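The values are calculated or read from the model by the stated rules, or taken from the named source; none is laboratory data. Source: prediction; values computed, not measured. Neighbour counts are summed over all protein chains in view; Cβ atoms, including those assigned to glycine, are modelled from backbone coordinates with ideal geometry. The accessibility values were calculated without ligands, DNA or RNA, using every heavy atom of the protein model including side chains. Shrake-Rupley method; radii C 1.70, N 1.55, O 1.52, S 1.80 Å.
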Amino acid sequence: MPDLSVNFAGIQSPNPFWLASAPPTNSGYQVMKAFDAGWGGAVWKTMGIPIVNVSSRYGGVNYKDKRLVGLNNIELITDRPLKDNLRDIEEVKKYFPNHPVIASLMVDSRDEWQQIIKDVENAGSDGLELNFGCPHGMCERGMGSAVGQEPKILERITAWVKEVATTPVIVKLTPNITDIREPARAARAGGSDAISLINTIQSLVGVDIDNFVPYPVVDGLSTNGGYCGPAIKPIALNMVKECAMDPGVGIPISGIGGIENWRDVVEYLLLGSTTIQVCTAVMHYGFGIVRELTAGLEQYMLDKGFNSVDQMIGKALPNVKPWEHLNLEYQVKAQIEDELCIGCQLCYIACEDGAHQAIRLNENNELRIPSIIEENCVGCNLCSLVCPVDNCISMVRTDSGKKIETWHQRTEKGSIPTTWNDKRAGGVGHWIPEPKDALKQDKKEL
Amino acid sequence: MPEFRRPKSEADFHKNFEQIKPLMSKTEANQESGRCLFCYDAPCVKACPTSIDIPLFIRQINNGNLSGSAKTIYAANYFGRICGNVCPTEVLCEGACVFEKQNIRPIDIGRLQTYATYNSIRNNKKHFELAADNGKKVAIIGAGPAGISCACELRKLGFTVDIFEAKSQPSGLTIYGVAPYKITNEDVLEEVAYLQEQFQFKIHYNSAIQSKKDLARLDSEYDAIFLGIGLGSTSGIGIKGENLDNCIGAVEFIENMKMEKHDTKIGKNVIVLGGGNTAMDAASEAARLGAETVMLCYRRSKIEMRAYWFEYDLAKSVGTRGVFNAAPLEIIGTSHVEGVKFAQTEIIDGKVKILPGSEFIKPCDMVIKATGQETQVNLLNQIDKIKLDKNGCISINLETGQTTNPKYFAGGDAINGGKEVVNAAADGKKAATGINQFLQ
Ligand SMILES: Cc1cc2nc3c(=O)[nH]c(=O)nc-3n(C[C@H](O)[C@H](O)[C@H](O)COP(=O)(O)OP(=O)(O)OC[C@H]3O[C@@H](n4cnc5c(N)ncnc54)[C@H](O)[C@@H]3O)c2cc1C
Ligand SMILES: Cc1cc2nc3c(=O)[nH]c(=O)nc-3n(C[C@H](O)[C@H](O)[C@H](O)COP(=O)(O)O)c2cc1C
Ligand code: SF4
Ligand code: SF4
Ligand code: SF4
């Protein structure tokens with residue numbers, strides 16, 4: 001079996017699967033249960049001066065028959081007294097000395113920071129995560145994302161922490177910022193040992209349209225919250241990649257955001273994360289999902305010949321390039337596998353109305369198998385994405401494969417379009433119907 | 001022991017005739033509607049005789065616009081709720097659903113349709129404005145699906161409408177014929193009452209139009225007449241013993257059962273003659289009424305049955321047995337049915353040929369003849385200039401529903417010889433448009 005253990009900025013963990021700081025890590029009971037189920041580490045629910053929560057607290061985004069593709073919350077940090085949390089941490093560490101427990105912290109003044117660090121380290125925590133990410137409730141009081149959005153303050157607080165910390169420090173970043181690399185660099189400058197990202201995205205999931213109140217409704221009123229769950233993965237992945245590729249960051253990353261299955265985990269690792277953290281998927285399905293994460297990751301490593309997680313980290317990064325370095329000569333075109341087609345004609349209408357009028361309906365109305373008009377197909381992919389049948393539409397390479405020319409190279413050669421009606425425009429020669437061909441015969445006459 | 005005990009109360013009856021398409025819950029409707037692909041130029045729509053915009057109404061359910069969904073359905077088919085339950089969807093919309101091509105369960109269109117329309121019926125949600133009175137009057141003969149659909153559409157267009165119905169209740173074979181496990185009479189009548197309240201047409205019950213005099217009166221008082229008279233009683237087979245006690249036509253047996261419910265008389269050993277959907281229904285119903293054995297006997301082979309495969313499956317699933325290539329020669333008995341004498345058959349060039357010396361007798365104490373319904377030739381022959389085809393069905397212009405007598409329009413079983421409720425609903429609506437054009 002491949003070795004799943006990782007060393008994250010000096011924190012040894014039996015596997016890369018950590019619980020994110022959130023309701024699943026509220027108590028010793030939950031964390032013990034999670035470790036017993038197979039989770040490698042846990043970031044404790046953020047501690048500080050305890051708060052008071054409202055009810056209700058969550059709003060969900062459903063897509064068709066699928067529940068909770070996104071979750072929005074207006075919860076704050078822990079509502080438990082610090083001593084209860086400390087007692088629980090101690091207890092967990094007695095039973096699971098080799099499973100890292102990371103204390104997530106959010107306080108205000110330098111004294112408070114330095115005091116709480118001593119307390120949690122005394123209780124046995126293996127690392128510190130500074131919550132500079134929470135986008136609601138705490139930021140109004142100058143904490144959470146209010147810090148994460150101000151690289152200078154972030155750097156200063158990180159430095160306060162580093163003055164006293166004896167365990168590794170992780171700064172948790174908020175995505176509610178234009179360029180994620182700035183707070184990441186500030187974390188490094190402040191001396192942080194690692195970063196974790198992303199925290200939730202500022203959001204409003206929907207409105208009760210009968211009563212004119214957004215969700216979640218608290219006695220007739222609402223407020224903005226933080227968005228998480230499968231829907232945010234693409235945003236998080238991009239931010240992880242941004243940090244992983246930035247030489248000014250250069251510290252280990254714990255990837256967070258929408259992770260639900262082994263494939264998500266692999267993607268995060270390949271884009272530069274050393275550990276991953278999960279919250280919503282556990283809130284939805286419980287700790288048991290770790291079995292699927294473990295089995296899936298192990299199988300993938302076996303299939304690909306990876307002996308350790310280290311070998312995978314950042315493996316996809318060399319293949320991420322700025323747009324101008326992509327090969328403009330590369331050409332794919334859609335191809336329909338007639339035997340698999342079920343005749344929904346979604347590819348047709350998608351290309352017809354939403355892309356490049358490169359699909360024609362079958363002349364035999366009964367057959368309903370559309371065909372690609374090769375000259376018109378620009379290889380955008382849309383049809384293959386809407387097709388409901390696996391492998392029915394594939395994108396087939398049609399260029400010689402011998403020539404590589406990028407926008408960058410063309411710019412250097414001076415062969416990019418530069419005037420309004422430049423003949424070198426990409427769309428020149430592409431057939432487009434006349435505007436009035438869109439109308440039925442009887443509407444064509446002016 | 002048979003699977004079903006004789007029902008002793010109405011509750012027993014409903015249990016034996018449990019709905020095969022129960023109402024969906026909100027969760028089921030959301031999940032099922034979520035599966036629909038919203039196909040372009042969807043094949044399910046083309047397979048629906050009333051061309052309901054199926055992907056649209058399903059999407060409306062999924063997006064929480066139940067009322068809009070019902071309106072989409074009713075705009076195409078006034079019998080939306082009833083059709084959702086009674087249509088043979090396996091060979092119509094659902095049979096055409098693209099999921100079938102992948103061997104994935106098609107979208108449960110019928111039940112989604114019922115789910116949406118039921119909501120409007122229960123909330124008495126009115127979807128259509130009636131045009132101002134246009135001063136013209138139309139008489140409709142028959143308050144079946146064809147007649148009522150025609151009435152709704154005519155009212156929407158501003159006509160005054162009087163329906164003349166022979167029986168004491170509306171909706172024709174939907175309450176007198178359709179199997180109770182498809183829909184209850186209460187549910188049928190609820191939709192018709194909902195339509196009547198919305199469209200305000202008059203139904204004159206117990207008012208059969210029978211004589212030349214009746215017809216002359218309608219002719220003088222109304223600007224146009226729609227014939228939605230359906231078919232008549234079960235045709236005879238023309239063999240000895242058809243008059244014996246306990247030998248009954250399927251349509252009569254079913255009508256009686258629909259009204260008498262648990263009080264329906266049923267034999268211990270029942271033979272059903274025929275291979276159409278009515279035969280399948282009658283056999284299922286006999287079994288659910290507690291008959292110990294039910295035998296479905298058909299002159300031709302199994303694959304030649306006119307019945308849909310799923311109706312035969314349903315009949316088999318309640319314990320009836322199929323006997324094929326068996327032609328009835330005589331119904332045996334002195335005063336009461338005691339058995340049926342059959343001969344084995346062979347089909348040569350599509351014709352039934354009796355094998356000499358192959359006679360055999362199957363004892364039984366009840367025979368149900370599901371051998372087709374007669375057309376209402378007697379009534380129709382009294383109307384001037386109306387042409388019938390060789391099967392006794394009224395000939396019409398398919399675009400307008402107009403008969404060869406321009407003042408008369410027709411639709412439903414009376415023109416097609418017996419199809420489905422949905423065809424009658426489509427015909428009635430189309431004929432209303434035809435009448436509107438005719439009277440412009
Ligand atoms: C046993 C059986 C089961 C069936 N099951 C199904 C099913 O599951 N699904 C399905 O879609 N279809 C089913 N059908 C077919 C369906 O019921 C008919 O196709 C449909 O009802 C035809 O509608 P209609 O309006 O043309 O005629 P009908 O429903 O027959 O209505 C005709 C109406 O006209 C009245 N009438 C007749 N003559 C006169 C007169 N002279 N004066 C006044 N009133 C008159 C009748 O009393 C009746 O109310 C079934 C039919 C039968 C017999
Ligand atoms: C209800 C709720 C409470 C949360 N509380 C905290 C918290 O106290 N501290 C913290 O750092 N992040 C908190 N988060 C953010 C999560 O740790 C995590 O960063 C985010 O949910 C994205 O991961 P996911 O998509 O797996 O849920 C919370 C998230 C939720 C849903
Ligand atoms: S790849 Fe894009 S352009 Fe080509 S057929 Fe598909 S949708 Fe149309
Ligand atoms: S989307 Fe796929 S299945 Fe549907 S018509 Fe196009 S090729 Fe066929
Ligand atoms: S064919 Fe099936 S999937 Fe397509 S629109 Fe109709 S019901 Fe939906």
Among (1) over 23 Å from B:ALA193 (Cβ atoms); (2) over 25 Å from the mean Cα position of the chain (by Cα); (3) open to solvent by 20 Å² or more (accessible area, probe 1.4 Å); (4) within 14 Å of chain A (Cβ to nearest Cβ), which single condition is B:ILE61 missing?
(3)
Flag if A:ASP84 is in the same structural domain as A:GLY226 (by TED's automatic domain parsing) and assigned to a loop (DSSP other than H, G, I, E, B)
no
Examine the range A:344-363 for a residue that is surrounded by fewer than 18 Cβ atoms within 10 Å (Cβ to Cβ) and away from ligand 4 (no atom under 16 Å from the Cβ), and state whether such a residue exists.
no
(1) more than 16 Å from ligand 5 (Cβ to nearest atom); (2) modelled with pLDDT of 95 or more: which one isn't true of A:LYS436, the others all being true?
(2)
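Report yes if A:ASN7 is under 24 Å from the mean Cα position of the chain (by Cα), at pLDDT 95 or above, closer than 30 Å to A:GLN114 by Cα and surrounded by fewer than 15 Cβ atoms within 10 Å (Cβ to Cβ), otherwise no. It would help to see each step written out before you state the result.
Numbers: under 24 Å from the mean Cα position of the chain (by Cα): yes; at pLDDT 95 or above: yes; closer than 30 Å to A:GLN114 by Cα: yes; surrounded by fewer than 15 Cβ atoms within 10 Å (Cβ to Cβ): yes.
It is true that A:ASN7 is under 24 Å from the mean Cα position of the chain (by Cα), at pLDDT 95 or above, closer than 30 Å to A:GLN114 by Cα and surrounded by fewer than 15 Cβ atoms within 10 Å (Cβ to Cβ).
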Any chance A:ILE369 is within 30 Å of B:TYR40 (Cβ to Cβ) and within 14 Å of chain B (Cβ to nearest Cβ)
yes
For B:ASN62, all conditions in the list (1) more than 16 Å from ligand 1 (Cβ to nearest atom); (2) within 21 Å of B:LYS182 (Cα to Cα) hold save one; what is the number of the exception?
(2)
For residues that are in contact with a helix residue (DSSP H, G or I) (Cβ under 6 Å, 6 or more places away or on another chain) and not in a helix (DSSP H, G or I), tally how many sit in the range B:10-38.
5
Exception for B:ASP41 within (1) among the charged types (D, E, K, R); (2) more than 25 Å from the chain's Cα centre (by Cα); (3) away from chain A (no Cβ under 14 Å) falls at (3)
Being away from chain B (no Cβ under 14 Å) and in a loop (DSSP other than H, G, I, E, B), is that true of even one residue in the range A:380-390?
yes
For B:ALA47, work out the one condition from (1) open to solvent by 70 Å² or more (accessible area, probe 1.4 Å); (2) within 14 Å of another protein chain (Cβ to nearest Cβ); (3) touching a residue at least 40 places away in the same chain (Cβ under 8 Å) it doesn't fulfil.
(1)
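Here is a check on your reading of the model: is B:GLU90 within 16 Å of ligand 5 (Cβ to nearest atom), in a loop (DSSP other than H, G, I, E, B) and touching a residue at least 24 places away in the same chain (Cβ under 8 Å)?
Working: within 16 Å of ligand 5 (Cβ to nearest atom): yes; in a loop (DSSP other than H, G, I, E, B): yes; touching a residue at least 24 places away in the same chain (Cβ under 8 Å): yes.
Yes; evaluated as a whole, the condition is true for this residue.
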Is there a residue being over 13 Å from B:ALA143 (Cα atoms), among the aliphatic types (A, V, I, L, M) and in contact (Cβ under 8 Å) with a residue 24 or more places away in the chain anywhere in the range B:200-213?
no
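Let's see how each residue does on (1) within 13 Å of chain A (Cβ to nearest Cβ); (2) of a type in the set (Phe, Trp, Tyr); (3) within 16 Å of ligand 2 (Cβ to nearest atom); (4) crowded, with 23+ Cβ neighbours inside 10 Å:
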| residue | (1), (2), (3), (4) |
| --- | --- |
| B:LEU56 | no, no, no, no |
| B:ALA70 | no, no, no, yes |
| B:CYS93 | no, no, no, yes |
| B:VAL98 | yes, no, no, yes |
| B:ALA131 | no, no, no, no |
Mind listing whichever residues of the range B:151-189 are more than 9 Å from ligand 1 (Cβ to nearest atom) and either touching a Gly at 6+ places or on another chain (Cβ under 6 Å) or basic (Lys, Arg) (or both)?
B:ARG155, B:LYS156
Name, by its number, the condition in (1) more than 17 Å from A:GLY288 (Cβ to Cβ); (2) not in a loop (DSSP other than H, G, I, E, B) that does not hold for A:VAL31.
(1)
Check A:LYS423, A:LYS436, A:LYS403 and return the single one that is in a helix (DSSP H, G or I) and either within 16 Å of ligand 2 (Cβ to nearest atom) or open to solvent by 50 Å² or more (accessible area, probe 1.4 Å) (or both).
A:LYS436
Working only within the range B:394-419, note down all residues that are part of a loop (DSSP other than H, G, I, E, B), more than 15 Å from B:GLN376 (Cα to Cα) and open to solvent by less than 40 Å² (accessible area, probe 1.4 Å).
B:THR400, B:GLY401, B:ASN405
Meets criteria (of a type in the set (Asp, Glu) and either exposed (fewer than 15 other Cβ atoms within 10 Å of the Cβ) or closer than 21 Å to A:PRO230 by Cα (or both)) for A:ASP36
yes
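Out of all the residues in the range B:383-391, is one or more open to solvent by 30 Å² or more (accessible area, probe 1.4 Å), out of contact with any Phe, Trp or Tyr (no Cβ under 6 Å at 6 or more places or on another chain) and of a type in the set (A, V, I, L, M)?
Yes - at least one qualifying residue is present in the range B:383-391.
Are there helices (runs of 4 or more DSSP H) fully within the range A:233-294 with at least 3 residues that are more than 19 Å from A:PHE8 (Cβ to Cβ)? List them. Walk me through it before giving the result.
On the way: elements: A:233-245, A:262-270, A:280-285.
Those helices (runs of 4 or more DSSP H) span A:233-245, A:280-285.
Which one of B:ILE20, B:ILE104 is within 14 Å of chain A (Cβ to nearest Cβ) and either open to solvent by less than 10 Å² (accessible area, probe 1.4 Å) or modelled with pLDDT of 95 or more (or both)? Before the answer, list the steps.
Values: B:ILE20 fails: within 14 Å of chain A (Cβ to nearest Cβ).
None of the other options fit; the residue is B:ILE104.
Report those helices (runs of 4 or more DSSP H) wholly inside the range B:144-236 carrying at least 2 residues which are among the β-branched types (Val, Ile, Thr). Spell out the reasoning first.
Numbers: elements: B:145-156, B:173-176, B:185-199, B:212-221.
Of the helices (runs of 4 or more DSSP H) lying wholly inside the range B:144-236, those with at least 2 residues that are among the β-branched types (Val, Ile, Thr) span B:173-176, B:185-199.
Taking only the range B:404-427 into account, find how many residues are within 20 Å of B:THR114 (Cβ to Cβ) and of a type outside the set (S, T, N, Q).
First, pick out the residues of the range B:404-427 that are within 20 Å of B:THR114 (Cβ to Cβ): B:420-426.
This time we only want the ones that are of a type outside the set (S, T, N, Q), so: B:420-422, B:424-426.
Adding up the residues that qualify gives 6.
Is it true that A:MET301 is in contact (Cβ under 8 Å) with a residue 12 or more places away in the chain, outside any loop (DSSP other than H, G, I, E, B) and within 16 Å of ligand 2 (Cβ to nearest atom)?
So A:MET301 does not fit the description; no.
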For the range A:338-352, which residues satisfy the criterion of being within 14 Å of ligand 3 (Cβ to nearest atom) and within 15 Å of A:ASP390 (Cβ to Cβ)?
A:CYS341, A:LEU346, A:CYS347
Filter the range B:190-238 for residues that are more than 10 Å from ligand 1 (Cβ to nearest atom) and acidic (Asp, Glu); which is surrounded by the most Cβ atoms within 10 Å (Cβ to Cβ)?
B:GLU191
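Name the helices (runs of 4 or more DSSP H) wholly within the range A:128-225 that hold at least 3 residues that are surrounded by fewer than 24 Cβ atoms within 10 Å (Cβ to Cβ)? Before you say what the answer is, go through the steps one by one.
Working: elements: A:145-148, A:151-164, A:181-189.
Output list reads A:151-164, A:181-189.
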Do any strands (runs of 3 or more DSSP E) lying entirely in the range B:272-346 carry at least 1 residues that are among the basic types (Lys, Arg) and surrounded by fewer than 21 Cβ atoms within 10 Å (Cβ to Cβ), and which ones are they?
B:321-323
